[in-house]
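Structure first, then comments.
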Amino acid sequence: MPDCEVCGKHVKRMNYRHTGIHELSMKEYRALYPQAKLDDIDVLERIGKKAEQNWKDSIYIGKQKEATRNGTHKRSEEFKQHMSQVMSGKPKSEEHKRAISRNKKKEWEDLDYRERQSKSRKGKTRPNISISTKKLWDDPEYREKQILAHIKPIDLEKYPAKCEICGKYFKVISAVHLKTHSVTKEEYINLYPNAMLQSSWNKGKTKEDDPRIAEYGKKISEVQKGQPGRQTGKHWKLSDEAKQNIGKGSKKNWDNPEYREKQDKRKRDYWSEPDNRLRASLRMQEIWQGEEYRNKVFAGWNTAPNKEEVRFLGLLNEIDPKGEWEFTGNTKVPIFGKKPDFYSYGRNKIIEYFGTPWHKEEEPEERTQYFESQGVPCLIVWSHEFMQRKNFDNTVGNIIDFISI
């Protein structure tokens, strides 16, 4: 006798009648269990051919539809009880459950079936809880015991912050959560002065004081290893749609006068602190030491000589035709890490043309010392000395002396 792969019973004939008990057709059963022994295939083919002929007959189809509408195809209560007794206590395989789910979905796709189900369930209510269960739940001790059994203990080390409004525990009570209660952080602090917004276990501690801080720092370092920083000029690639959404959101925020005023105030408060200004200055000095970054910034500049500089370059080439003087204030490749105004490729000398309004008196000394440390002589010419008639001859004389050295 073959064995049923679903219920494990020995059956005389493994046919559609037995698979129907498990709400499976022969085809579905064969697909789920290919090695299973089934009834004679010739019998199945004869049944299939007979059913195919029946469903080609319009009279047969009409009778089946009428029987479906009248509900004569419904299973009897005895059959349902029998099925319940057969299937009770027998675990279903995952494949069997999926097959039942597929069949149910197919049934509910039929509008007539859905309508019949809604009519049959109309006016019905769930059965009341048994009297014994009611008596148990009337006991306060039993109720408390059941509630405590279903409540998971809260890890206060992991979730130390408790929301005083909803009573839930979090790692950090953020503005996003407070927004669900229509409350800002300032309002929450005013309402609950002693409430904890976030854990302060690491406040004032270093990695030497607590090993958790050192471990957290290592994790961050591993995550960020190999990722480009903000100052390298490499950023994460975003799709055009994402860029447009970010732009729209930012524009919407800045159209709001309150948001604009809030951002301006935040920036003023930040830059009013001397420590913040000093930290930013030191950081920029450190960045500018990198030659790659400096070259990229210089390459982005497109500085053209003004009228005075054009006139001054003509004077240099007239005084010293062999010097190969060029305006290098707009060169894409820096010379000795800087962008001097004029450089002589023939004599390896630099002349800086300083506009009076734009340069301080201390700057020429720093500039000349820097270039001389690179082994390049440097001369500073002030624009007011070059443009004034009374000082013009002296300026030209200084330039000739500098070139002839």
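The values are calculated or read from the model by the stated rules, or taken from the named source; none is laboratory data. Bear in mind that the values here come from a model prediction, so they are computed numbers and not experimental data. Cβ atoms come from the backbone with ideal geometry, glycine included; neighbour counts cover every protein chain shown.
Please determine, by comparing only the residues of region 169-182 that are part of a loop (DSSP other than H, G, I, E, B) and either surrounded by fewer than 13 Cβ atoms within 10 Å (Cβ to Cβ) or outside the structural domain of ALA195 (by TED's automatic domain parsing) (or both), which one is modelled with the lowest pLDDT.
Residue satisfying both the conditions and the ranking: LYS171.
Determine whether PHE371 is within 19 Å of THR395 (Cα to Cα), in the same structural domain as TRP382 (by TED's automatic domain parsing) and modelled with pLDDT of 75 or more. Give the derivation first.
Working: within 19 Å of THR395 (Cα to Cα): no; in the same structural domain as TRP382 (by TED's automatic domain parsing): yes; modelled with pLDDT of 75 or more: yes.
So PHE371 does not fit the description; no.
When you scan region 338-405 for strands (runs of 3 or more DSSP E) that lie fully inside it, which ones turn up with 3 or more residues that are over 23 Å from GLU291 (Cα atoms)? So that I can check it myself, show each step before the final result.
On the way: elements: 342-344, 349-354, 378-382.
Because the criterion is at least 3 residues that are over 23 Å from GLU291 (Cα atoms), the strands (runs of 3 or more DSSP E) in region 338-405 that meet it are 378-382.
For region 310-337, give me each residue that is modelled with pLDDT of 80 or more, assigned to a helix (DSSP H, G or I), touching a helix residue (DSSP H, G or I) at 6+ places or on another chain (Cβ under 9 Å) and not β-branched (Val, Ile, Thr).
Matches in region 310-337: ARG311, PHE312, LEU315, LEU316, ASN317.
Residues checked against (1) over 30 Å from TYR192 (Cα atoms); (2) touching an Asp or Glu at 6+ places or on another chain (Cβ under 7 Å); (3) surrounded by 11 or more Cβ atoms within 10 Å (Cβ to Cβ); (4) at pLDDT below 80:
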{"position": "SER88", "(1), (2), (3), (4)": "yes, no, no, yes"}
{"position": "ASN103", "(1), (2), (3), (4)": "yes, yes, yes, no"}
{"position": "ASP110", "(1), (2), (3), (4)": "yes, no, yes, no"}
{"position": "SER118", "(1), (2), (3), (4)": "yes, no, no, yes"}
{"position": "SER132", "(1), (2), (3), (4)": "yes, no, no, yes"}
{"position": "ASP138", "(1), (2), (3), (4)": "yes, no, no, no"}
{"position": "ILE147", "(1), (2), (3), (4)": "no, no, no, yes"}
{"position": "LEU156", "(1), (2), (3), (4)": "no, no, yes, yes"}
{"position": "ALA161", "(1), (2), (3), (4)": "no, no, yes, no"}
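Kindly evaluate ASN306 against the criterion of being outside the structural domain of ASN330 (by TED's automatic domain parsing) and at pLDDT below 85. Talk me through it step by step, then tell me what you get.
Details: outside the structural domain of ASN330 (by TED's automatic domain parsing): no; at pLDDT below 85: yes.
No; evaluated as a whole, the condition is false for this residue.
Has region 197-211 got at least one residue that is among the aromatic types (Phe, Trp, Tyr), surrounded by 10 or more Cβ atoms within 10 Å (Cβ to Cβ) and modelled with pLDDT of 80 or more? Spell out the reasoning first.
Initially, region 197-211 is screened for residues among the aromatic types (Phe, Trp, Tyr), giving 201.
From the residues that got through so far, the ones that are surrounded by 10 or more Cβ atoms within 10 Å (Cβ to Cβ) too are 201.
Next, from what is left, pick out any that are modelled with pLDDT of 80 or more: none.
No - not one qualifying residue is present in region 197-211.
Which one is modelled with the lowest pLDDT, of the residues in region 11-26 that are within 20 Å of GLU107 (Cβ to Cβ) and in contact with a Leu (Cβ under 9 Å, 6 or more places away or on another chain)?
Step by step, filter region 11-26, then rank; the result is TYR16.
Which condition breaks for ARG75 when tested against (1) part of a loop (DSSP other than H, G, I, E, B); (2) modelled with pLDDT of 65 or more; (3) exposed (fewer than 15 other Cβ atoms within 10 Å of the Cβ)?
All conditions are met except number (2).
Does any residue in region 380-402 that is surrounded by fewer than 16 Cβ atoms within 10 Å (Cβ to Cβ) come within less than 8 Å, Cβ to Cβ, of a residue that is assigned to a helix (DSSP H, G or I) and acidic (Asp, Glu) six or more places away or on a different chain, and which pairs are these?
MET387/GLU308; ASN391/GLU385; PHE392/GLU385; ASN394/GLU385
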